[in-house]
Amino acid sequence: MNRKNQSDVLLTARVSVQYGDKPVVLRDVQFEIRRGEVLGLVGQSGSGKSTLAMAILGLLDRKRVKAEGMIELEGCDLLKLRERELRGLRGRRVALVLQSPLSSLNPTLKIRTQLKEAWHAHVSGPNSDCDSAIRAALESVSLPATDEFLQKYPAQMSVGQAQRVLIAMAVMHRPALLIADEATSALDVITQSEILALFRELNRSSGMAILYISHDLASVAGICDRIAILHEGQIVETGIAEQVLTNPRHEYTQRLMAAMPRMPQRAAAAAI
Ligand SMILES: Nc1ncnc2c1ncn2[C@@H]1O[C@H](COP(=O)(O)OP(=O)(O)OP(=O)(O)O)[C@@H](O)[C@H]1O
Ligand SMILES: [Mg+2]
């Protein structure tokens, strides 16, 4: 498995988040993502995984949500940026893929239009550049870059194809960091393993780092270089994937492993 240079840090965070006057959701969560690595973020429902993703993307409502600390991406503290500056980064240096591909796409627009919009959100060059970027993005996710395909509406595609379109949009500007928040959780097992293989391939071919968020330790096992375990708003364990999976140190990680009857030695070994 790919070991990354420890000094080559892409993102470093130390953050606390609280929604209004509700209990604190993330309590001084500290972690780093290295360039080109796949970091798995695992925790049960409600542990704060999506909150952390939204904090990195600058999508928490600043009026209602208190986010304190720092989230430094490529030397720039995202918590200090203005909305306009964040818009310039989102989709370009850091991108997001969510769980439900069909509800993330606009049902009334053809795929070509949606890909064009994603391109022109950050680039105002000629149409020929846009067309070649669309072709390259579709090819990178193994979708046909044909007119016939580009004329389709989301409802005319399978869920797996729709997820690939969303991933194509997310990688179009070659972000340094892709956040996949439960991006395979709604898929059937075959499609899930195909999309997981695609994430791994994109990571290897482009060197893009991935924060792969899941409640499912088994799916994380096959794709991640390192794993961080989030429990009750804190990261309780971080380590090389094979170490966390074969020799979990924290009592909560041990419970997570024990709660997974589908996590035989075979699956853990496959990740190594
Ligand atoms: N917009 C919001 N306003 C108030 N509380 C929120 C909001 N979003 C999330 N929360 C609360 O923050 C906590 C963490 O939620 P979050 O969605 O980050 O968890 P999660 O780990 O992503 O869960 P899941 O696995 O179900 O997606 C939960 O208690 C949730 O109710
Ligand atoms: Mg979530």
> Just one of R64, R27 is out of contact with any Pro (no Cβ under 8 Å at 6 or more places or on another chain), over 22 Å from I229 (Cβ atoms) and within 15 Å of ligand 1 (Cβ to nearest atom); which is it?
Replying inline: R64
> Quick one: is G40 closer than 18 Å to M208 by Cβ and within 16 Å of ligand 2 (Cβ to nearest atom)?
Replying inline: yes
> Which residue pairs have Cβ atoms closer than 6 Å, lie 6 or more positions apart in sequence or on different chains, and pair a first residue in the range 62-89 that is over 11 Å from A13 (Cα atoms) and β-branched (V, I, T) with a second residue that is assigned to a strand (DSSP E or B) and modelled with pLDDT of 95 or more?
Replying inline: V65/Y19
> When both residues are 6+ apart or on different chains and their Cβ atoms are under 9 Å apart, which pairs have a first residue that lies in the range 181-196 and is not assigned by TED's automatic domain parsing to the domain that holds S214 and in a helix (DSSP H, G or I), and a second that is within 16 Å of ligand 2 (Cβ to nearest atom) and among the aromatic types (F, W, Y)?
Replying inline: none
> Within the range 202-260, restricting attention to residues that are within 16 Å of ligand 2 (Cβ to nearest atom) and small (G, A, S), which residue is modelled with the lowest pLDDT?
Replying inline: S219
>> I need a count of the residues in the range 99-135 that are part of a helix (DSSP H, G or I) and either closer than 15 Å to S158 by Cα or free of Cβ contacts under 8 Å to residues at least 12 places away in the same chain (or both).
In response: 14
>> What's the number of the only condition in (1) of a type in the set (G, A, S); (2) over 20 Å from the mean Cα position of the chain (by Cα); (3) at pLDDT 95 or above that S7 fails to meet?
In response: (3)
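The values are calculated or read from the model by the stated rules, or taken from the named source; none is laboratory data. Here the structure is a predicted model, which is why all the values come from computation and not from measurement. Reconstructed Cβ throughout: ideal geometry from the backbone, glycine too, with neighbour counts over all protein chains shown.
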